[in-house]
Amino acid sequence: MFTHLERAADHHGSVAHISQTAVIDGVNLGHWVMAQRTRHRQGRLAPDRVQALQALPGWNWAPHTAHQQPGFTANPPTPSDS
C-alpha cells in the first residue's frame, strides 16, 4: 500500500489530498491512510513506517487540523500572482 501512496505523491505532488474515501488505481488508499494515522495515534506504528510517511510531501497526522499548522495557506498564490 505504501507504494501506492508514493505513486500518488509523485503524480499529485502531495498526499494532502488523500481523503478517507480515496480509491486510487482501484486501491482503497484512503482507508489504509486512515488506519496508519489511527495506529500512530495508538502508538502501534513502527518507527520506520512513521519516518517513511512523514517523508512524503503533504503528509499530516491530523489532516483535519492542517489549517491550524504554521505556514498553512488556504489559497496558495499561483505563479501568475507573483
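The values are calculated or read from the model by the stated rules, or taken from the named source; none is laboratory data. Source: prediction; values computed, not measured. Here the Cβ positions follow ideal geometry from the backbone for every residue, glycine too, while neighbour counts run over all protein chains shown.
Values as computed for the structure displayed
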{"read-out": "Positions within region 5-34 being surrounded by 16 or more Cβ atoms within 10 Å (Cβ to Cβ), in contact with a helix residue (DSSP H, G or I) (Cβ under 9 Å, 6 or more places away or on another chain) and under 17 Å from Gln51 (Cα atoms), in sequence order", "value": "Leu5, Val15, Trp32, Val33"}
{"read-out": "Test result for Leu29, closer than 17 Å to Ala62 by Cα and touching a residue at least 12 places away in the same chain (Cβ under 8 Å)", "value": "yes"}
{"read-out": "Looking only at region 8-54, and only at residues there that are small (Gly, Ala, Ser), outside any loop (DSSP other than H, G, I, E, B) and at pLDDT 95 or above, the one that is farthest from His64 (Cα to Cα)", "value": "Ala52"}
